[in-house]
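Read through the structure below, which is laid out as structure tokens, and then see the notes.
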Amino acid sequence: MTTTTTSIAEDLGRWAARLDPSAEDLALARRSLLDTVAATLAARDHPLRPVVAGLPDSARWSALGHVLDFDDLHLESTAHISVVCVPTALACRGGARAYLAGAGVMARLGTALGWGHYARGWHATCTSGAAGAAVTAGVALGLDGTQLAHAIALAVPASGGVQRAFGTPAKSLQVGFAAEAGVRAARLVAAGATADLRAVEQWLALVGGDPTALDLGGAAVPGGLAIKLFPCCYAMQRPIAAARELLAGGLTPAGVARLVVRTPEATLHPLIHHRPQTGLEGKFSLEYAVAATLLDGYPGFTSFSDDAVRRPEAQDLLRRVTVETTPDGEGLLTGTLALTAIGTDGAHRTATVDLPPGSPLRPPTDGQLAEKAAACGCDLRELTWAAAAELLAEHYPASGPAGVS
């Protein structure tokens, strides 16, 4: 469905202002709140914490929520929606409706940007995230549909981010910048600022988007969200699941001579580090995903420390991984991934995975969500939006003039 009024910004602003969440929408918002806050609190000892101490709440909380790469993903837009929209809602003292409005705009713009945008190297979380944050903040601040449209347009100058940042602190920082830009845009509009609403059309064309793909129907967040069960890039969830299947079948690292991953080429796009040396690089390495899983069973936070990545046994094993690609499909879950372990005895064992656990069509169980929260060191089952804002403010308070949000 294409736009029906004079500009994309007006359509999105009107949709966000009129949003009346369904029970299913509110359930998604609830899960997103718990999942995002858990991933954010898990970073309380991360080296990035003092680095972002002077940033505004939205930027600080978004960056810390993303640095462990344990936050959810919207597959159709290839964007980490909740780590932008949950912290923004909390920073502006908004709730589920503010989150869903911003998440819905972010999902729709990200989908209109399409796989080609991501494949060219853009970080879709940032390019769609500034507008999503503007709407989240705007709804929390009580802006009407026209004002939300202006906030979206004012966020355009900050709508950028690149994948070359993957494997460095810049990846999570640029997500924080998107959240901060959205809050700034909404507050400027609340103070009386306006913009040329057609800026959104021009921006969408410049970054390769397709306005005809903008659909205002369906659930608040079309397609739902994928929940990560392993703290690394979503493109690594399938190979990890396949390696765990081989382990369950009796495979041991000592018995492996070679490992072959066969997967569509598109699924490897963000996995740019083939010989990682740091924990952050390891989160974007297919080879390390397989090696760490075979060595650790469950590749959790400790698997993605610098020391863990540099383990001689990990470096040795990841060098035994070869990748064969097929040209079919688009998206991180296109096709099927097959992992074949060739043993020192010549035996072949293969595991195939279409959908990893936690994907929208294979949602996490309550037990898996509880295990994830426990791994993050928290139990948030009774958390409200207001209490979540207080919790993050307590753990990650503002520091210095730049921290005033």
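A few points about this structure:
- Scanning the stretch 268-303 for residues that are closer than 23 Å to ALA373 by Cα and touching a Phe, Trp or Tyr at 6+ places or on another chain (Cβ under 9 Å) yields a count of 13.
- The stretch 335-350 residues that are more than 9 Å from VAL260 (Cβ to Cβ) and exposed (fewer than 11 other Cβ atoms within 10 Å of the Cβ), paired with ones that are among the basic types (Lys, Arg) and at pLDDT below 95 (beta carbon under 8 Å, 6 or more apart): none
- All positions within the stretch 332-342 that are assigned to a loop (DSSP other than H, G, I, E, B) and out of contact with any helix residue (DSSP H, G or I) (no Cβ under 6 Å at 6 or more places or on another chain): LEU333, GLY335, THR336
- Any hit, the stretch 351-372, residues being assigned to a helix (DSSP H, G or I), in contact (Cβ under 8 Å) with a residue 60 or more places away in the chain, in the same structural domain as ASP72 (by TED's automatic domain parsing) and among the aliphatic types (A, V, I, L, M): yes
- Residues located in the stretch 149-174, provided they are assigned to a helix (DSSP H, G or I) and either hydroxyl-bearing (Ser, Thr, Tyr) or over 30 Å from ASP306 (Cβ atoms) (or both): ALA149, HIS150, ALA151, ILE152, ALA153, LEU154, ALA155, VAL156, PRO157, ALA158, SER172
- Candidates GLY110, GLY65, GLY102, GLY114 - the one that is among the small types (Gly, Ala, Ser) and more than 15 Å from the chain's Cα centre (by Cα): GLY114
- LEU295 being closer than 19 Å to ARG164 by Cα, surrounded by fewer than 24 Cβ atoms within 10 Å (Cβ to Cβ) and in the same structural domain as PRO327 (by TED's automatic domain parsing): no
- Qualifying position, being of a type in the set (Asp, Glu), modelled with pLDDT under 95 and more than 30 Å from GLY250 (Cβ to Cβ), among ASP379, ASP366: ASP379
- Test: residue in the stretch 101-116 that is surrounded by fewer than 19 Cβ atoms within 10 Å (Cβ to Cβ) and either free of Cβ contacts under 8 Å to residues at least 24 places away in the same chain or part of a loop (DSSP other than H, G, I, E, B) (or both): no
- Residue list for the stretch 307-331, filter: in a helix (DSSP H, G or I) and surrounded by 14 or more Cβ atoms within 10 Å (Cβ to Cβ): ALA308, VAL309, ALA314, GLN315, LEU317, LEU318
- Meeting the requirement of 2 or more residues that are surrounded by fewer than 20 Cβ atoms within 10 Å (Cβ to Cβ), the helices (runs of 4 or more DSSP H) wholly within the stretch 1-96 are 8-18, 23-41, 48-51.
- Scanning the stretch 5-63 for residues that are within 17 Å of SER399 (Cα to Cα) and of a type in the set (Val, Ile, Thr) yields VAL51, VAL52.
- Some residue of the stretch 207-229 being over 19 Å from the mean Cα position of the chain (by Cα), of a type in the set (S, T, N, Q) and not assigned by TED's automatic domain parsing to the domain that holds GLY300: yes
- Selection count, the stretch 1-58, where residues are under 18 Å from the mean Cα position of the chain (by Cα) and in contact (Cβ under 8 Å) with a residue 40 or more places away in the chain: 17
- Test: residue in the stretch 136-148 that is on the phi < 0 side of the Ramachandran plot, of a type in the set (Asp, Glu) and assigned to a helix (DSSP H, G or I): no
- Selection from the stretch 315-348 of residues that are within 17 Å of LEU246 (Cβ to Cβ) and of a type in the set (A, V, I, L, M, F, W, C): LEU317, LEU318, VAL321, VAL323, LEU337, ALA338, LEU339, ALA341, ILE342, ALA347
The values are calculated or read from the model by the stated rules, or taken from the named source; none is laboratory data. None of these values were measured; they are calculated from a predicted model. Here Cβ is always computed from backbone atoms with ideal geometry, including for glycine, and neighbour counts include all displayed protein chains.
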